[in-house]
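Here the structure comes first, spelled out in structure tokens, and everything after it is commentary.
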Amino acid sequence: MEDHKLFATLCAVFCLLLVTEVYGQINMEAFRNCIHEHSIEQETLKEIIRSGPKGRNQKCFTACAFTSFGVIKNEQISIEGCRKMVRLMHQTEEVTQKLYSIVNTCEDEVISTDTCEMAGELVDCLFKNGVRLGE
């Protein structure tokens, strides 16, 4: 499980802010728009990274962020979008394959059709399977 901690997050867009090597490959303007649209303060963002989104507004912010990065497309989790985020993190092949497995598990476990709830369920699933944001 320690390998999973090396990966700031799987698809969890917030930690992309912490990994400077991918800045040029993600849509930061869209992410900033999500922050403004949902009035997310820096401390709130840190709390979301530590504990996951709480409440409707934070979950909708998470959905907005995931959508801006292609993790959610057409109101569904995009496995290809998740895999793209994994590839952007340049992990070892072993870690990459473990994370792909977690993506597949979470795709099966996330059942909500509401994008805000879907985003919250996805983060919960990632946490449950050993991925921790910001570590």
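In plain terms, the residue of Leu99, Leu88 with the fewest other Cβ atoms within 10 Å comes first and the most crowded comes last, giving Leu88, Leu99. Compared with the alpha-carbon gap, the fully stretched path from Gln42 to Ser101 is longer by 18.1 nm at 0.36 nm per residue.
The numbers here are math on the coordinates, done by the rules we state, and not lab data. Just so you know, these numbers come straight off a predicted model, no measurement behind them. Here Cβ is always computed from backbone atoms with ideal geometry, including for glycine, and neighbour counts include all displayed protein chains.
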